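Take a look at the structure below.
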Amino acid sequence: MWQLGKAFLIRTAAVIVAAGRGERAGQSTEGPKQYRRIGGQAVLAHTLRTFLACEQISPVVVVIHSDDHDLYHAALQRADIDATRIRLVTGGPTRQESTRLGLLALCEDAPDYVMIHDGVRPFITQDLLKRIMIALHPQTGVLPALAVSDTLKQAGGDALVTKTVPRAGLFAAQTPQSFPFAPILDAHNAAFALGRTDFTDDAAIAEWQSIPVRVVEGSADNTKITWAKDIEMADQRLRQDMVAFPDIRTGNGYDVHSFEEGDHVWLCGVKIPHTHKLNGHSDADVALHALTDALLATRGAGDIGTHFPPSDPQWKGAASRQFVEFAVKTVREAGGRIANADITLIAEEPKIGPHREAMTAELSDMLGVSADRVSVKATTNEKMGFVGRKEGIASIVTVSVIYPGEVPA
């Protein structure tokens with residue numbers, strides 16, 4: 001993005017480094033710590049939102065691990081982040097190499113300055129970004145940092161204190177560490193050429209290459225998430241600033257199948273002896289088909305035919321339970337919780353009453369909810385229409401799903 005300077009236009013880009021494995025934060029089904037959720041969204045999503053909100057910064061290069069593309073795209077989708085100004089880069093084996101690869105991605109249309117930021121510092125503020133941008137200079141890097149306030153001790157290998165370290169002039173470094181683009185890229189390339197991988201941050205590489213770095217006041221809020229307890233504290237912090245408005249969605253599904261020659265029907269996952277069977281490409285469980293559509297509707301995710309087209313031979317004779325389980329997975333991946341499912345079967349026969357308990361148990365298991373959240377009802381069509389003529393069975397299903405819906409207070 002072009003930024004008006006005193007006598008010329010300058011451009012500032014950002015490189016967000018998010019390719020680490022985060023072992024110190026512990027294992028999680030959500031993935032490495034940059035994808036762990038705080039306040040309902042991935043850590044990385046919070047970080048990106050702040051940079052993208054600053055119109056003076058563009059493009060924003062995001063460097064991720066080669067294994068994390070699905071996690072990355074899911075995080076952005078869940079957070080509804082516009083990726084127009086983002087360039088995605090696959091990182092290397094170390095943070096230093098990932099940063100260099102991120103810088104190289106800017107070479108074709110090189111900016112004047114670049115901000116290099118840890119993806120796991122989600123509380124970066126607009127005020128700090130502005131403070132850094134004001135301090136940028138063609139020959140000088142900018143390091144946000146906080147003066148050390150604790151008394152520092154040095155200890156030997158036996159853990160005994162050897163001396164007290166004077167804290168005057170000492171600072172705890174933060175990111176984004178920002179530099180004129182060409183010098184910091186040259187510094188990273190020089191370190192790469194020599195096989196130097198021992199630098200702990202970008203300011204250290206700049207120092208090694210004699211690039212002056214000016215300290216500006218950082219932010220106590222700009223903490224780095226390292227440990228599992230950091231994730232828990234960050235989540236609590238965000239939720240204290242949120243007002244919960246549950247996003248309750250209702251989905252409806254309707255399906256109908258005609259009878260054909262056979263000796264049983266599948267309804268709500270239960271096999272029921274009958275004089276005919278229902279005609280369909282799969283097992284033709286009309287209730288589960290309507291249930292699948294209802295669940296998918298709460299995510300705007302199409303219908304059963306979108307995901308399991310009858311033209312596909314792999315679904316011939318398939319158990320409809322797997323369609324429901326796919327829809328349940330779709331709901332849960334978006335953070336949804338199924339509140340209840342109301343299934344109505346419209347049929348002259350067979351009688352549903354004797355099978356209602358078994359149906360409820362099957363549905364409860366498929367949906368992962370207690371039986372009191374499942375309702376199975378049946379009615380006839382008073383001998384009217386195709387149902388009344390015993391030509392088939394119809395089903396109407398309504399489900400309620402609660403999705404995360406927290407918004408800032």
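The values are calculated or read from the model by the stated rules, or taken from the named source; none is laboratory data. Note that the coordinates shown come from a computational prediction; the quantities given were computed from them, not determined experimentally. Don't worry about glycine lacking a Cβ; one is built from the backbone with ideal geometry, like all the others, and counts go over all protein chains shown. The protein model used for the area step is the full one, side chains on, heavy atoms only, and it has no ligands, DNA or RNA in it. Shrake-Rupley method; radii C 1.70, N 1.55, O 1.52, S 1.80 Å.
Assign one of three labels to the stretch 12-111, namely rounded, prolate or oblate, based on the Cα gyration tensor with a ≥ b ≥ c the square roots of its eigenvalues; rounded applies when a/c is under 1.5, prolate when it is not and a/b is larger than b/c, and oblate otherwise. Could you put the intermediate results ahead of the total?
Details: a/c = 2.13, a/b = 1.26, b/c = 1.68.
Since a/c reaches 1.5 but b/c is at least a/b, the shape of the stretch 12-111 is classed as oblate.
Give Lys351/Lys383; Lys351/Lys390; Lys271/Lys329; Lys33/Lys224; Lys163/Lys224 a once-over and call out the pairs whose C-alpha atoms are over 19 Å from each other.
Values: Lys351/Lys383 15 Å; Lys351/Lys390 12 Å; Lys271/Lys329 24 Å; Lys33/Lys224 11 Å; Lys163/Lys224 28 Å.
Result: Lys271/Lys329; Lys163/Lys224 exceed 19 Å.
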* **Given charges at Cβ of Lys, Arg, Asp, Glu: the chain dipole, positive-most of Gly92, Leu296, His281** => Gly92
* Separation between Cα centres of the stretch 158-200 and the stretch 117-145, rounded to whole Å -> 16 Å
* Asked: Dipole size in debye (nearest 20) for the stretch 153-233 around its Cα centre, Lys and Arg Cβ +1, Asp and Glu Cβ -1?
  -> 280 debye
* Given the options Gly169, Gly141, Gly195, state which has the largest fluctuation in a GNM of the chain using a 10 Å cut-off (strictly under) for Cα springs. => Gly169
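Helix-only mean residue ellipticity at 222 nm, the chain, DSSP H runs n ≥ 4 weighted -39,500 (n - 2.57), per residue, nearest 500. What is it?
Values: 12 runs with 119 residues, N = 409.
After summing the helix terms and dividing by the residues of the chain, the value is -8500 deg cm²/dmol.
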* Asked: Taking only Cα atoms, what is the 0 to 90° angle, nearest 10, from helix 286-297's long axis to the longest principal axis of the chain?
  -> 30 degrees
* Asked: What is the Cα convex hull volume of the stretch 308-409 when expressed per residue in Å³?
  -> 158 Å³
* **Net dipole in debye of the stretch 349-399 [+1 Lys, Arg Cβ; -1 Asp, Glu Cβ; about Cα centre; nearest 20]** => 220 debye
* Asked: Once you put a point 7 Å from the Cα of Ile134 and another 7 Å from the Cα of Gln154, both along the Cβ direction, what distance in nm separates them?
  -> 3.7 nm
* Asked: In the chain, with Lys and Arg counted as +1 and Asp and Glu as -1 at Cβ, which of these residues, Gln240, Trp315, Tyr254, has the Cα nearest the positive end of the dipole, that is, farthest along it?
  -> Gln240
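Out of the GluC sites (Glu not before Pro) in the stretch 15-73, which ones are loop residues according to DSSP with at most 14 other C-beta atoms within 10 Å?
Glu55
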* To do: Keeping all protein chains in place, calculate the accessible area per residue for the chain (probe 1.4 angstrom), answer in Å².
  => 50 Å²
* Could you size up the charge dipole of the chain around its Cα centre, putting +1 on the beta carbon of Lys and Arg and -1 on that of Asp and Glu, and report it in debye to the nearest 20? => 1000 debye
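Counting only C-alpha contacts under 8 Å and six or more residues apart, can you give the relative contact order of the chain as a whole percent? Write out the running numbers ahead of the final one.
Values: 824 pairs, mean separation 59.8, N = 409.
Computed value for the chain: 15 percent relative contact order.
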* Whenever you get a sec, compute what percent of the accessible area on the chain sits on carbon and sulfur atoms (1.4 Å probe). => 52 percent
